[in-house]
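Undergrad: First the structure, then my questions, so here it is.
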Amino acid sequence: MIEIIPAIDLIDGKCVRLTHGDFSKKTVYSGDPVDTAKQFEAAGLKRLHIVDLDGARTGRPANMGVLKSIAVATSLIIDYGGGLRNANGIAEAFAAGASMVNIGSLAAREPDTFISWLDMFGPQRILLGADSKDGFVAVDGWQTETNITIFGYLADLASKGVTSAFVTDIASDGAMAGPATDLYRRIRSELPSLGLIASGGVRSVADIDELDAIGCTGVIIGKALYEGRINPEDLAKYVG
């Protein structure tokens, strides 16, 4: 059964969503991320994906206090990322209550460093984030395109110890136009042993069911929850 992972994106300690990763297209949904996390837990959800957008922009985590408050107030299994550039930062995130960290651009820019973190902390605690634009890896908050294909990238890191990754199709994220099912089908076909978490574009329970049928192990949901297109009670059937 696919795992439902609600998302909290943080700017200035508030829950926000961006469209296509554009900081100028920001919507604030809640000024109290702890209360938002409690609502997710009350609905029976067990996971939480936190992205520190301030940290991602500046290269230094800025919302560790929010992470700690959520970890203290709930029993959610949290993965946290944004601005994590060294092992000390990762250790601080774990100390603040994260069970996992999510790492994106650095894995593409400094693969040797990323692999060393897999060895240091264990692959189960490092969640790879890979952003795809037209089939190629994008970094730096989607501002920089590379010539690395998403499929080759995932295959290479999987061969070096990565066990799970969340993959975001940039065209889908925040657009409420449906997830990139063709992309996920191909990844599942080429890398069947990789735990694949879909991210971006989910707008309905039907989308979740389709991703489940494809074989995605999890799905990150943000805007659809915040805007009431998917109600927490709609997700009860996915919660074991």
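The values are calculated or read from the model by the stated rules, or taken from the named source; none is laboratory data. Values in this document were obtained by computation on a predicted structure and should not be read as measured data. Every residue, glycine among them, receives a Cβ derived from its backbone with ideal geometry; neighbour counts consider all protein chains shown. We work out accessible area using only protein heavy atoms, side chains counted, and drop any ligands, DNA or RNA first. Shrake-Rupley method; radii C 1.70, N 1.55, O 1.52, S 1.80 Å.
Undergrad: Would you check if I50 is in a strand (DSSP E or B), among the aliphatic types (A, V, I, L, M) and touching a Ser or Thr at 6+ places or on another chain (Cβ under 7 Å)? Quick ask: steps written out before the conclusion?
TA: Details: in a strand (DSSP E or B): yes; among the aliphatic types (A, V, I, L, M): yes; touching a Ser or Thr at 6+ places or on another chain (Cβ under 7 Å): no.
No.
Undergrad: If the Cβ limit is 6 Å and pairs must be 6+ apart or interchain, which residue in the stretch 213-240 that is more than 27 Å from T163 (Cα to Cα) pairs with which residue that is modelled with pLDDT of 90 or more and open to solvent by 50 Å² or more (accessible area, probe 1.4 Å)?
TA: Every condition considered, the pairs that remain are A224/R203; Y226/Y29; R229/R203.
Undergrad: Right, here's the next one. Which strands (runs of 3 or more DSSP E) sit wholly inside the stretch 85-149 and have at least 3 residues that are within 17 Å of D54 (Cα to Cα)?
TA: Details: elements: 100-103, 126-133, 136-139, 144-149.
In the stretch 85-149, the matching strands (runs of 3 or more DSSP E) lie at 100-103.
Undergrad: Is it the case that A236 is small (G, A, S), part of a helix (DSSP H, G or I) and open to solvent by 10 Å² or more (accessible area, probe 1.4 Å)?
TA: On the way: small (G, A, S): yes; part of a helix (DSSP H, G or I): yes; open to solvent by 10 Å² or more (accessible area, probe 1.4 Å): yes.
Here the answer is yes, as A236 does meet what is asked.
Undergrad: I'd like to check which helices (runs of 4 or more DSSP H) are fully inside the stretch 162-227 and have at least 2 residues that are closer than 25 Å to I126 by Cβ. If you could, list the steps in order and put the result at the bottom.
TA: Details: elements: 181-190, 205-214, 223-226.
Filter on the stretch 162-227 gives 181-190, 205-214.
A quick yes/no check of all residues on (1) more than 16 Å from the chain's Cα centre (by Cα); (2) modelled with pLDDT under 90; (3) in a loop (DSSP other than H, G, I, E, B):
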position: A37; (1), (2), (3): no, no, no
position: D54; (1), (2), (3): no, no, no
position: R60; (1), (2), (3): yes, no, yes
position: V72; (1), (2), (3): yes, no, no
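Undergrad: When the stretch 206-227 is examined, which residues are found to be over 11 Å from G178 (Cα atoms) and either open to solvent by less than 40 Å² (accessible area, probe 1.4 Å) or basic (K, R) (or both)? Working first, answer last.
TA: Of the stretch 206-227, the ones over 11 Å from G178 (Cα atoms) are 209, 212-223, 225-227.
Within the stretch 206-227, I214, G215, C216, G218, V219, I220, I221, G222, K223, L225 meet the criteria.
Undergrad: Still on this model: With D32, D52, D112 as the choices, which residue is of a type in the set (D, E) and crowded, with 18+ Cβ neighbours inside 10 Å?
TA: Unique residue meeting the criteria: D52.
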